[in-house]
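Below: one structure, written as structure tokens.
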Amino acid sequence: MNNKYKNISASAQIKSTAGVLSGMYVNSTNAGTIKLFDGDTGTASAGVTASGVLTSSGVFQDTETVTIGSTVYTFVTTLDNSIPYQVLIGASAAASLDNLKVAINADTGAGTTYSLGTDAHPLVNATTNTDTAQTVVANSVGVAGNAIATTETCDNVAWGAVVLENGVDVNTLMNNTITPAIGYHDLGGIRFNNGLYATIAGTALDVTLHYS
């Protein structure tokens, strides 16, 4: 095991990837406390999936496109089932958004409302749908979803942003608040998956964390 050591006297990110926390040595303390989180902040969170909304102010036009990540959906007046990722415009903007939703999710309608060969999007799914708006949500919880691009070439339709937004990573409290005495504390090889963050409070706590 590749053991590492980090000395801290204030709240800090210790590691940004998975690992194991084996123990800590308290160098000095005056009623200071420490909490440890599996994540990247000192706030417990179940995580949030990134999302975005495509809003229509009018109808789609032939050959306009909507792009999510690297997947391009092309709106057409007549489907060509030899070309994947075409979406039928239909009679109204509401119909177009309905057809886009089922195309993103590869739901019922292949060959009639969207073209054959269109797979479910690998990064997002289409959720809430109204006559003027379509919401898409990342498949995975966390900030990684905030990097999924959302663009279009439409005159009457626009995304709220050029990427999905508001994704938050999972942060799990690993222990109850510890008020440790000076000396070594064996923490039993606690595994963390999303990073290691230590929150120090109270007065003059100086510790060295042992991890891998």
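Checking A126, A133 one by one, the residue that is modelled with pLDDT of 95 or more, surrounded by 14 or more Cβ atoms within 10 Å (Cβ to Cβ), closer than 17 Å to V72 by Cβ and not polar (S, T, N, Q) is A126 and no other. Considering only the range 30-51, I want to know if a residue exists there that is farther than 30 Å from A201 by Cβ and more than 22 Å from the chain's Cα centre (by Cα). No, that holds for no residue. Yes or no: T127 under 15 Å from the mean Cα position of the chain (by Cα) and assigned to a strand (DSSP E or B)? No: the conditions fail for T127.
State whether the residues of the range 51-70 include one that is under 30 Å from L173 (Cα atoms), buried (at least 17 other Cβ atoms within 10 Å of the Cβ) and either among the hydroxyl-bearing types (S, T, Y) or touching a residue at least 60 places away in the same chain (Cβ under 8 Å) (or both). Spell out how you get there, then give the answer.
First, pick out the residues of the range 51-70 that are under 30 Å from L173 (Cα atoms): 51-52.
Next, only the ones that are buried (at least 17 other Cβ atoms within 10 Å of the Cβ) stay: 51-52.
When the remaining residues are screened for being either among the hydroxyl-bearing types (S, T, Y) or touching a residue at least 60 places away in the same chain (Cβ under 8 Å) (or both), the result is 51-52.
Looking for residues that are under 30 Å from L173 (Cα atoms), buried (at least 17 other Cβ atoms within 10 Å of the Cβ) and either among the hydroxyl-bearing types (S, T, Y) or touching a residue at least 60 places away in the same chain (Cβ under 8 Å) (or both), one finds at least one in the range 51-70, hence yes.
Checking the range 2-22 against the condition returns no match, with no residue being surrounded by fewer than 16 Cβ atoms within 10 Å (Cβ to Cβ) and either without any contact (Cβ under 8 Å) to a residue 12 or more places away in the chain or touching a Leu at 6+ places or on another chain (Cβ under 6 Å) (or both). Quick check on the range 169-177. Is at least one of its residues assigned to a loop (DSSP other than H, G, I, E, B), in contact with a Leu (Cβ under 7 Å, 6 or more places away or on another chain) and not assigned by TED's automatic domain parsing to the domain that holds N27? Taking every residue of the range 169-177 in turn, none turns out to be assigned to a loop (DSSP other than H, G, I, E, B), in contact with a Leu (Cβ under 7 Å, 6 or more places away or on another chain) and not assigned by TED's automatic domain parsing to the domain that holds N27. Among the residues of the range 71-118, just one is of a type in the set (D, E), surrounded by 14 or more Cβ atoms within 10 Å (Cβ to Cβ) and farther than 17 Å from T132 by Cα, namely D107. Does A144 fit the bill of being part of a strand (DSSP E or B) and surrounded by 14 or more Cβ atoms within 10 Å (Cβ to Cβ)? Considered against the rule, which asks whether it is part of a strand (DSSP E or B) and surrounded by 14 or more Cβ atoms within 10 Å (Cβ to Cβ), A144 comes out as no.
Taking A161, is it assigned to a loop (DSSP other than H, G, I, E, B), surrounded by fewer than 18 Cβ atoms within 10 Å (Cβ to Cβ) and at pLDDT 95 or above? When the stated conditions are applied, A161 passes them. Identify, please: which residue in the range 166-208 is farther than 11 Å from L36 by Cα and within 23 Å of the chain's Cα centre (by Cα) and is, among those, surrounded by the most Cβ atoms within 10 Å (Cβ to Cβ)? The residue in question is G167.
Quick one: would you say V136 is assigned to a strand (DSSP E or B), in contact (Cβ under 8 Å) with a residue 40 or more places away in the chain and within 16 Å of the chain's Cα centre (by Cα)? If you could, list the steps in order and put the result at the bottom.
Details: assigned to a strand (DSSP E or B): yes; in contact (Cβ under 8 Å) with a residue 40 or more places away in the chain: yes; within 16 Å of the chain's Cα centre (by Cα): yes.
Spelling it out, V136 is indeed assigned to a strand (DSSP E or B), in contact (Cβ under 8 Å) with a residue 40 or more places away in the chain and within 16 Å of the chain's Cα centre (by Cα).
The values are calculated or read from the model by the stated rules, or taken from the named source; none is laboratory data. Computed from a prediction, not measured in an experiment: that's the story for all the values here. Counting neighbours? That spans all protein chains shown, and the Cβs are built from the backbone with ideal geometry, glycine included.
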